[in-house]
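Data block below; observations after.
The values are calculated or read from the model by the stated rules, or taken from the named source; none is laboratory data. Nothing here was measured: the structure is a model prediction, and the numbers come from that model. Using ideal geometry, Cβ is built from the backbone for each residue, glycine included, and neighbour counts are taken over all protein chains shown.
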Amino acid sequence: MRNISLLIFMSADGVMQAPGHPDEDRSGEFEQGGWASPNWEEVMQQVMSEAMEQPYDLLLGYNTYKMFASHRPDATGPVANRLNHSTKYVVTSTQDKLQWQNSIKVSGDIVEEIKRLKSQEGRLLQVHGSWQLVQTLISNRLVDELRLWTFPLILGEGKRLFSNSLNYSSLELIKLSSTSNGAIMSIYKVN
């Protein structure tokens, strides 16, 4: 059986929208994109050693997939190599062909399709970003682990990791660490 792990960058008030770039996700008139940039280098070193060292496959929403696919296939380096060689399961209703190598479309009854993926033998399914997919996974109790990087700022507005549909009763802290610039890594097992 495969587990699903969310890898999320968020502000101290839980906003996960557009951490990397100003134009990453402007939906809802969000104008604070790129908020994680000042802390990015040190956090990414920690992400590589704590969350991306072991082999994994990706489970992505279509918008996140498009953003990654727009520059990762030609990129080099440890992060790009991991992403390029992983299988990418892409949740989408579009008929567009998925161009990035090792990409597989997931469509139809998304919850049932993800349950089917989880029931198979294989590597960890890691979700990066993909806010709408994350909400579906959380509300249907399909998440096994949270890998959270909380950045030391408050954004006030934007898409938040947890909505009112959250129905988990407890989390077990597996690992806790921080960077010198104040970002906190917390890894939880979902009970």
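Assuming residue 159 fulfils every condition listed in (1) more than 20 Å from residue 13 (Cβ to Cβ); (2) touching a helix residue (DSSP H, G or I) at 6+ places or on another chain (Cβ under 7 Å); (3) touching a residue at least 40 places away in the same chain (Cβ under 8 Å) apart from one, which condition is it?
With (1) more than 20 Å from residue 13 (Cβ to Cβ); (2) touching a helix residue (DSSP H, G or I) at 6+ places or on another chain (Cβ under 7 Å); (3) touching a residue at least 40 places away in the same chain (Cβ under 8 Å) applied to residue 159, the lone miss is (1).
Which of the residues that make up segment 154-176 are closer than 24 Å to residue 132 by Cβ, among the hydrophobic types (A, V, I, L, M, F, W, C) and modelled with pLDDT of 95 or more?
Scanning segment 154-176 gives 154, 155.
Kindly list, by first and then second residue, each pair from a residue in segment 101-121 that is touching a residue at least 40 places away in the same chain (Cβ under 8 Å) to a residue that is loosely packed, with under 12 Cβ neighbours inside 10 Å and in a loop (DSSP other than H, G, I, E, B), limited to pairs with Cβ atoms under 8 Å and residues at least 6 apart or on different chains.
118/1; 119/1; 120/1; 121/1
With the condition kept exactly as written, say whether any residue in segment 24-36 is at pLDDT below 90 and farther than 27 Å from residue 110 by Cβ.
Among the residues of segment 24-36, not one is at pLDDT below 90 and farther than 27 Å from residue 110 by Cβ, which makes the answer no.
Quickly run through segment 124-162 and pick out the residues that are of a type in the set (D, E, K, R) and either more than 19 Å from residue 47 (Cα to Cα) or over 16 Å from the mean Cα position of the chain (by Cα) (or both).
Answer for segment 124-162, where residues must be of a type in the set (D, E, K, R) and either more than 19 Å from residue 47 (Cα to Cα) or over 16 Å from the mean Cα position of the chain (by Cα) (or both): 141, 157, 159, 160.
So, residue 52, is that one part of a helix (DSSP H, G or I) and not small (Gly, Ala, Ser) or not?
No.
Yes/no per residue for (1) under 14 Å from residue 91 (Cα atoms); (2) touching a strand residue (DSSP E or B) at 6+ places or on another chain (Cβ under 7 Å):
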position: 112; (1), (2): yes, no
position: 119; (1), (2): no, no
position: 127; (1), (2): yes, yes
position: 139; (1), (2): no, no
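I'd like to verify a number: residues in segment 3-18 that are aliphatic (A, V, I, L, M), in a strand (DSSP E or B) and more than 20 Å from residue 189 (Cα to Cα), how many?
1
Looking only at strands (runs of 3 or more DSSP E) that fall completely inside segment 117-189, which ones have 3 or more residues that are buried (at least 18 other Cβ atoms within 10 Å of the Cβ)?
Where strands (runs of 3 or more DSSP E) fall fully within segment 117-189 and carry at least 3 residues being buried (at least 18 other Cβ atoms within 10 Å of the Cβ), they are 124-128, 145-151.
Which residues, counting only those in segment 58-79, are assigned to a helix (DSSP H, G or I) and at pLDDT 80 or above?
62, 63, 64, 65, 66, 67, 68, 69 - these are the residues of segment 58-79 that are assigned to a helix (DSSP H, G or I) and at pLDDT 80 or above.
All but one of (1) free of Cβ contacts under 8 Å to residues at least 40 places away in the same chain; (2) more than 29 Å from residue 118 (Cα to Cα) hold for residue 36, so report the exception by its number.
Checking residue 36 against (1) free of Cβ contacts under 8 Å to residues at least 40 places away in the same chain; (2) more than 29 Å from residue 118 (Cα to Cα), the one that fails is (1).
Select from segment 58-97 the residues that are crowded, with 17+ Cβ neighbours inside 10 Å, farther than 21 Å from residue 124 by Cβ and hydrophobic (A, V, I, L, M, F, W, C) and list them in ascending order.
Scanning segment 58-97 gives a single hit, 67.
May I ask you to list the residues in segment 63-120 that are under 24 Å from residue 48 (Cα atoms) and in contact with an Asp or Glu (Cβ under 6 Å, 6 or more places away or on another chain)?
Once the filter is applied, which keeps residues that are under 24 Å from residue 48 (Cα atoms) and in contact with an Asp or Glu (Cβ under 6 Å, 6 or more places away or on another chain), segment 63-120 yields 86, 87.
For residue 157, which of the numbered conditions (1) acidic (Asp, Glu); (2) over 25 Å from residue 84 (Cβ atoms); (3) in contact with a Lys or Arg (Cβ under 9 Å, 6 or more places away or on another chain) fails to hold?
(3)
For residue 98, only one of the following conditions fails: (1) touching a helix residue (DSSP H, G or I) at 6+ places or on another chain (Cβ under 7 Å); (2) in a loop (DSSP other than H, G, I, E, B). What is its number?
(1)
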